[in-house]
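In what follows, a single structure is set out as structure tokens and then discussed.
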Amino acid sequence: MPTEHSYAQLLETNHLIRHASDSSLWLCRSRTAQESKLFPVPAYMILSYLECFYRYPDLIRRIDAAMPAEEIADRARETTTSLQQASLGWCLNNFFLLGRQLLIDMGMLRATDAVDDIVDVMDFWKRFQLSYHRADGHMTNGEMGNRAQIRSERTLQVFDADAIGMKPGDRLHTALGQFNATISQYAFLASCECRLQIHHDGPYKTADGELLIRSYQALAEGDFPWLDGVASGIEYPNLVVPMFLEDTHVYLLDDWGSFETQPALDADKVVRVGLYSSDYLSGGFIPVAMGSAAELADKLEELRDQFQEATTKLWRVFAGFSREQMLDSGALVYFAAVRDLAKIAGIYDQDEWWSIDQRTQRFKGLMNDEYGRDSLTELIALLTLPSQQDNDYVMGRHSDGAQHMESRIPYSVLADDDFTATIGAPRERWSSLTPKSGTWTTTQGRLTLEQLNAAARGAKLPLEDPALRYLDDVWIKWHADDPRADELYRAVQQGSSLEGAGAGLRQADLTARRAP
């Protein structure tokens, strides 16, 4: 019996698979290798891909039933969550597809297996991406020429109006440099030496030159079990740092959130800066110590010291980890990169996201450093796995080789080819990690898991009002004098220097406001 999916559905799903495969090859070949002397990074990456293939379909279906992908994306776009382009836009689809590819190559799966799972995961990913990127009208940063212009005008105006000026060598400029260096080191270590906690969007054109927005996520006590106690002194779940650059062009901002500039970014070129807290409960961006340059410098210095102390504590925790704990923690950071989908939907379960399915546990015996390194290199860079080979006439995008990173679904499942619909229900799960015991730090205070889900389900954010949800920048262009436009802008302007200004301001008006 053929699959119940239509030809059109499979055409679209295979298009999404090939898009993911091509963009991933470019990213993997244009960036440095990811290894560590502390964590078995390649090995935990391979383990995470397998876990994502086995677990994402069931999780995604339940999340989508609680809140559709496009509505989750609306909240993620207007705030700061773990669902940035790197984590959701690249990890969700590619981690799942790479796990599938590994199993195909091992002979444990056929390209015709788990058809429903593949269609459902890719459809969810597509709908989230189109909503998250609705401001620029693309699905990924790569589609937009490696730019990430996801913010609406109303949000960017607030960042522009609030930003505080500084000069090289002054106290604020020095404090910003020290803060960025310290928090980056902490975030990298806290996520088991990967880059999922640091993200960027932009560039956006401003009177200064260009605006680059940096986000730091999962900083305080929250999902990571190893941060209980370690991060008790950190008060913000996420921090957002809009940086205004002069004489510097951000010519590339890719789907991993990495950027490149011409000329190379010099700290002296950051001429204005802001600082905000935000999460999926905040409804927007909450200014942090933005009253004056001195107040902001005080806060950045205070945060620098907090993150230095937390980093020292974290080193002590990881120094006591066994290799299996390091393998599990890294694999689960990757697997749980999209966990805020469940949080926004109000159905987050800590154990569900921080334990490993018995089907994945079977592979741990393979995960020594050599196997992790070599299998990862073959899978995502060299494309030398037998399952990745195509016919001799093919010239793949970005490689000109007859290979593709991720296999499509054969259309024969529409006729009489054998296939399976799903990989099956979740199995027993466990982990070598000490379970989480503390609360979650949010913009609404410290919450228990029950309170966290209740807050998400009860959130009534202004921009999610059905009367406002679909009023985008294209609508604003033609209806700037509509009372609903004022309502949209005033909702975002709360707590900012633009509070109450409403719609109708242009960038030149903000520049004039800053004039001495």
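The values are calculated or read from the model by the stated rules, or taken from the named source; none is laboratory data. A quick note: this is a predicted structure, and the numbers were derived from the prediction, not measured. Because the Cβ atoms are built from the backbone with ideal geometry, glycine has one as well, and the counts that use them run over all protein chains shown.
Please verify whether the stretch 100-116 includes one or more residues that are small (Gly, Ala, Ser), on the phi > 0 side of the Ramachandran plot and outside the structural domain of Arg469 (by TED's automatic domain parsing). It would help to see each step written out before you state the result.
Of the stretch 100-116, the ones small (Gly, Ala, Ser) are 107, 111, 114.
Going one step further and asking which of them are on the phi > 0 side of the Ramachandran plot, we end up with 107, 114.
Now drop any that are not outside the structural domain of Arg469 (by TED's automatic domain parsing), which leaves 107, 114.
Yes, some residue in the stretch 100-116 is small (Gly, Ala, Ser), on the phi > 0 side of the Ramachandran plot and outside the structural domain of Arg469 (by TED's automatic domain parsing).
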Review point. Across the stretch 190-209, what is the number of residues that are of a type in the set (S, T, N, Q) and either surrounded by fewer than 20 Cβ atoms within 10 Å (Cβ to Cβ) or under 15 Å from the mean Cα position of the chain (by Cα) (or both)?
Key: 2
Practice item. Examine the stretch 259-271 for a residue that is outside any loop (DSSP other than H, G, I, E, B), crowded, with 22+ Cβ neighbours inside 10 Å, out of contact with any Lys or Arg (no Cβ under 6 Å at 6 or more places or on another chain) and modelled with pLDDT of 95 or more, and state whether such a residue exists. Key: yes
Practice item. Consider only pairs whose beta carbons are under 8 Å apart and that are at least six residues apart or on different chains; among these, list those whose first residue lies in the stretch 295-313 and is free of Cβ contacts under 8 Å to residues at least 60 places away in the same chain and whose second residue is buried (at least 21 other Cβ atoms within 10 Å of the Cβ). Key: Lys299/Leu275
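Could you tell me which of the residues Leu212, Leu176, Leu219 is under 17 Å from the mean Cα position of the chain (by Cα) and farther than 30 Å from Met326 by Cα?
Criteria check complete, one pass: Leu212.
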Practice item. Mind telling me which of the residues Asp392, Asp374, Asp417, Asp369 ends up being closer than 29 Å to Asp22 by Cβ, touching a residue at least 40 places away in the same chain (Cβ under 8 Å) and not hydroxyl-bearing (Ser, Thr, Tyr)? Key: Asp417
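What do you reckon, is Ala425 out of contact with any His (no Cβ under 7 Å at 6 or more places or on another chain), of a type in the set (Gly, Ala, Ser) and under 22 Å from Val333 (Cβ atoms)? Give the steps one after another, and end with the answer.
On the way: out of contact with any His (no Cβ under 7 Å at 6 or more places or on another chain): yes; of a type in the set (Gly, Ala, Ser): yes; under 22 Å from Val333 (Cβ atoms): no.
Spelling it out, it is not the case that Ala425 is out of contact with any His (no Cβ under 7 Å at 6 or more places or on another chain), of a type in the set (Gly, Ala, Ser) and under 22 Å from Val333 (Cβ atoms).
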Exercise for review: Out of Ser387, Ser407, Ser399, report the one residue that is surrounded by 14 or more Cβ atoms within 10 Å (Cβ to Cβ), in the same structural domain as Asp105 (by TED's automatic domain parsing) and modelled with pLDDT under 95.
Suggested key: Ser399
Review point. Looking only at the stretch 420-455, which residues are without any contact (Cβ under 8 Å) to a residue 60 or more places away in the chain and not in a loop (DSSP other than H, G, I, E, B)?
Key: Gly445, Leu447, Glu450, Gln451
Revision key, fill the gap. Over the stretch 468-489, the set of residues within 18 Å of Arg77 (Cβ to Cβ), part of a loop (DSSP other than H, G, I, E, B) and touching a residue at least 12 places away in the same chain (Cβ under 8 Å) is Leu468, Arg469, Leu471, Asp472
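Would you mind finding the one in Lys436, Lys477 that is of a type in the set (Lys, Arg) and within 24 Å of the chain's Cα centre (by Cα)?
Numbers: Lys477 fails: within 24 Å of the chain's Cα centre (by Cα).
One residue alone meets the criteria, Lys436.
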Study note, to complete from the structure: Within the stretch 490-509, of all residues that are part of a helix (DSSP H, G or I) and charged (D, E, K, R), the one nearest to Tyr348 (Cα to Cα) is Arg490
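Residues being hydroxyl-bearing (Ser, Thr, Tyr) and within 23 Å of Arg75 (Cβ to Cβ): count how many of those fall in the stretch 240-286. If you could, list the steps in order and put the result at the bottom.
Residues of the stretch 240-286 that are hydroxyl-bearing (Ser, Thr, Tyr), as a first pass: 248, 251, 258, 261, 276-278, 280, 282.
Next cut, within 23 Å of Arg75 (Cβ to Cβ) only: 276-278, 280, 282.
Summing the residues that are hydroxyl-bearing (Ser, Thr, Tyr) and within 23 Å of Arg75 (Cβ to Cβ) in the stretch 240-286 gives 5.
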Check your understanding: If you scan the stretch 160-175, which residues turn out to be under 25 Å from Asp509 (Cβ atoms), buried (at least 18 other Cβ atoms within 10 Å of the Cβ) and touching a Lys or Arg at 6+ places or on another chain (Cβ under 8 Å)?
Key -> Ala161, Ala163, Ile164, Met166
Revision key, fill the gap. For the stretch 10-53 the number of residues that are more than 20 Å from the chain's Cα centre (by Cα), of a type outside the set (Val, Ile, Thr), assigned to a helix (DSSP H, G or I) and over 18 Å from Gly365 (Cα atoms) is 7
